[in-house]
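Colleague: Would you mind keeping the following structure in view while I ask a few things?
The values are calculated or read from the model by the stated rules, or taken from the named source; none is laboratory data. It should be emphasised that the depicted structure is a prediction, and the values quoted were computed from it without experimental measurement. Cβ: placed from backbone, ideal geometry, glycine included. Neighbour counts: every protein chain shown. These area figures cover heavy atoms from the full protein model, side chains too; ligands, DNA and RNA do not enter into them. Shrake-Rupley method; radii C 1.70, N 1.55, O 1.52, S 1.80 Å.
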Amino acid sequence: MLMHRLLIDGAERTPDRLALHWVDRDVALTYEQAVLAMESMAGALASLGVGKGDRVAVFAHNGMDYLVALFGTWRLGAISALVNVQFADELDYYYADHTPSVVIYTHDMAEAVRRAAHGAESVRHLVCMDGPQDGALSLPQLLAARLPAPPDPGDETAVAHLAYTSGTTGKPKGACLAHEPTTRAARCIAERLRITKTDESFGPTALSSSYQLVANLLPPLSRGAGVHVMGRWSQASGWDALDRVNASLLVANPTLLGQVLAECRTRGRLPGRLRAGLSGGGPVPPTLKRAWRDELRLPLIESFGQSELGGFMALGFPELVAEDALLARVGPALPDKEVRIVDAGRNPVAPGVIGEIELRGGFMHGYWGRPDKTAETIGTGWLRTGDLGMIDRDGFITMRGRRSELIETDGVLWFPRDVEEALCQVSGVAQAALIGVPDATHGQRPLAFITLSEGHAIEAESLKAAIEGKVAYDLAALIVSVVAELPMTPTGKISKAELAARWSTKT
């Protein structure tokens, strides 16, 4: 199955059904209109010399042209390479990595795009979404020409999308996602989430993240549902938009899902016909799941994935979890994946034992231009995730953290999530992040950073006492700091690397 065929299939079944909606400008396309727009985009790109296997870079804010550029690129058999607008100063790295032939961008990114393209020999054309600029073609003019697209290569094994990793363990790497198994994974996700053609899926986080691709875009389209994207989110405006479009599924991260909860408290009701929230980009505190359950009477479904997957390795169900003790679990593996837990020697371990998570059954072809890293990660036929977790006797996966984020203090390994979740259970704590920094006495000193809910004031030292006995660690070495906000990555994770950098400059 080809990714862009999802639009074509939808147009054949329900041509007048809304397919894509850009919330900020209220621009919408039905399935039939989306196919026509895709063909125009494919024709425009083909006129610029784009063909099968070529890379088309998109550097823009969420919007309709962004979505159409993706489908037009896939329609040609070319490869979409998306870069988050927060990485303007690093564009030269990304261009050198995937060598795009065409770059599509929004007008406010012109300076960064031109600067990076100047040193990139592969770039043949710059295309501005908002009209002509010096050195750039006008996307509206290209689309208005309705140039014919060449025949569809129809190769479902071809790489269609470069999903860049977050770069937490080195420079970001482009994970090569093919049409298959990515489309199959999307169908499995849609089935797990029980998406139907009556659903309206709403995604306010960056389209440059693979999370939006495999959660808010492909799964709903595979069921003929509607997809809504938003670029300028705030707590109040986001809630209003959910209400206005009658969203039934919110695909977001823990931070935004917490904001929706807070706004529902303020307004005294749910937005639209919301039936569930889906979280990705980072672990979900059980306290947030509990609040959605108890106050909103809605399930907050946790997903567990990576850029390398083109899908999820674990996903919950759109059902309320009655037992608090089970809220820390993510969910079982999806039907397209075989997941196992292994020890340091890569031997499978028993249920309930923590180890590294591996999987097979569908993932990236490899890292773009990095054969050594590819062999290291998937050379055995299993994808080594670098994540630690366990599978219980029900087959449910619980995420424990990244191996690289473990902290060794006085010879004892700390799992940051244990402390983070204990802190989040303290009344008034909104978010928590634990990192380890080098320390001459302890080996690594654990540092906890927390933010507070509005209207709360807590002394940092009192938090240590509040979690004493709730975690299996000696907290003597722990330092707790209350901060106004935590730095976030473009995918919605707390940036622990940034926290460590801030601490080092402070000390």
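Colleague: 7 Å from Cα along Cα→Cβ at both residue 265 and residue 439: what's the point-to-point distance in nm?
Modeller: According to this spin-label approximation, the distance is 3.2 nm.
Colleague: Taking just the C-alpha trace of the stretch 297-376, give me its Rg and Dmax in Å.
Modeller: Spelled out, the Cα radius of gyration and Dmax of the stretch 297-376 are 15.2, 48 Å.
Colleague: Please identify every one of the trypsin sites (Lys or Arg not before Pro) in the stretch 14-60 that sits in a loop by DSSP and has no more than 11 other beta carbons within 10 Å of its own beta carbon.
Modeller: Here the trypsin sites (Lys or Arg not before Pro) that fit, given the DSSP loop and packing criteria, are 25.
Colleague: Let me ask something else. Can you give the calculated 222 nm mean residue ellipticity of the chain, where each DSSP H run of n ≥ 4 adds -39,500 (n - 2.57) and the sum is split over every residue, rounded to the nearest 500 deg cm²/dmol?
Modeller: -8500 deg cm²/dmol, from helical runs alone.
Colleague: Between residue 122 and residue 342, with labels modelled 7 Å along Cα→Cβ, what's the label distance in nm to one decimal, could you check?
Modeller: 3.1
Colleague: Positive end of the charge dipole of the stretch 152-257 (Lys, Arg +1 and Asp, Glu -1 on Cβ, about the Cα centre): tell me which of 255, 203, 185 has its Cα farthest that way.
Modeller: Towards the positive end, the residue furthest out is 255.
Colleague: Now for a separate question. Report Rg (one decimal) and Dmax (nearest whole number) for the stretch 1-128, counting Cα atoms only, units Å.
Modeller: 14.9, 46
Colleague: Further question: Using a Debye calculation, one point per C-alpha and no hydration shell, please list log10 I(q)/I(0) for the stretch 88-195 at q = 0.10, 0.18, 0.21 Å⁻¹ in order.
Modeller: -0.43, -1.09, -1.15
Colleague: For the chain, which whole percent of the accessible surface, found with a 1.4 angstrom probe, sits on carbon and sulfur atoms?
Modeller: Heavy-atom surface of the chain belonging to carbon and sulfur, 1.4 Å probe: 51 percent.
Colleague: Would you mind putting 174-185, 208-219, 27-38, 114-125 in packing order, based on average other-beta-carbon counts within 10 Å, highest first?
Modeller: 208-219, 174-185, 27-38, 114-125
Colleague: For the stretch 106-189, what is the percent of antiparallel DSSP beta bridges, rounded to the nearest 5?
Modeller: The antiparallel proportion sits near 75 percent.
Colleague: Could you tell me what percent of the DSSP beta bridges with both partners in the chain are antiparallel, to the nearest 5?
Modeller: So the antiparallel bridges amount to about 55 percent of the total.
Colleague: Turning to a different aspect of this structure: For the stretch 260-359, run through the GluC sites (Glu not before Pro) and keep only the ones in DSSP coil with at most 12 other Cβ atoms within 10 Å of their Cβ.
Modeller: 319, 323
Colleague: Ok, one more. Measure nothing fancy, just the Cα-based angle from helix 235-244's long axis to the longest principal axis of the chain, in degrees from 0 to 90, nearest 10.
Modeller: 50
Colleague: Sticking with this structure for a sec: Distance from the Cα centre of the stretch 227-268 to that of the stretch 107-171, in angstrom?
Modeller: Centre-to-centre distance over Cα atoms comes out at 30 Å.
Colleague: Using a probe radius of 1.4 Å on heavy atoms only, what accessible surface per residue do you get for the stretch 338-382? Whole Å² is fine.
Modeller: 50
Colleague: Also, I was wondering about something else. Give me the accessible area of residue 5, 1.4 Å probe, in Å² rounded to the nearest 10.
Modeller: Using a 1.4 Å probe on the heavy atoms, I get roughly 70 Å².
Colleague: How long is the gain from residue 273 to residue 88 if the chain were fully straight, where each residue apart is worth 0.36 nm and the alpha carbon distance is subtracted?
Modeller: 62.9 nm
Colleague: My understanding is that a pair violates if its Cα-Cα distance is over 27 Å; which of 470/506; 52/496; 289/470; 464/493; 289/496; 337/496 do that in this structure?
Modeller: Distance filter (> 27 Å) returns 470/506; 52/496; 337/496.
Colleague: Given H placed 1.01 Å from N in the peptide plane, which residues other than close sequence neighbours of residue 161 have an amide H under 5 Å from its amide H?
Modeller: Those lying under 5 Å, H to H, from residue 161 are 80, 177.
Colleague: Another question, if that's okay. Averaging over all projection directions, find the projected area of the Cα convex hull of the stretch 43-99 and quote it in nm² with one decimal place.
Modeller: 3.8
Colleague: How long, wide and thick is the stretch 359-507, going by the Cα atoms along their three principal axes, in whole angstroms, largest first?
Modeller: Between the extreme Cα coordinates on each principal axis of the stretch 359-507 lie 50, 42, 35 Å.
Colleague: Could you provide, to the nearest whole Å², the per residue accessible area of the stretch 406-466 with probe 1.4 Å?
Modeller: 45
Colleague: Any idea what % of Cα-Cα pairs in the chain are farther than 44 Å?
Modeller: 13
Colleague: Give, in whole angstrom and from largest to smallest, the semi-axes √(5λ) of the equivalent ellipsoid of the stretch 391-461, with λ running over the eigenvalues of the Cα gyration tensor.
Modeller: That gives 23, 21, 8 Å for the three semi-axes.
Colleague: At 1.4 Å probe radius, can you tell me the per residue accessible area of the stretch 40-92 in Å²?
Modeller: For the stretch 40-92, the solvent-accessible area averages 23 Å² per residue.
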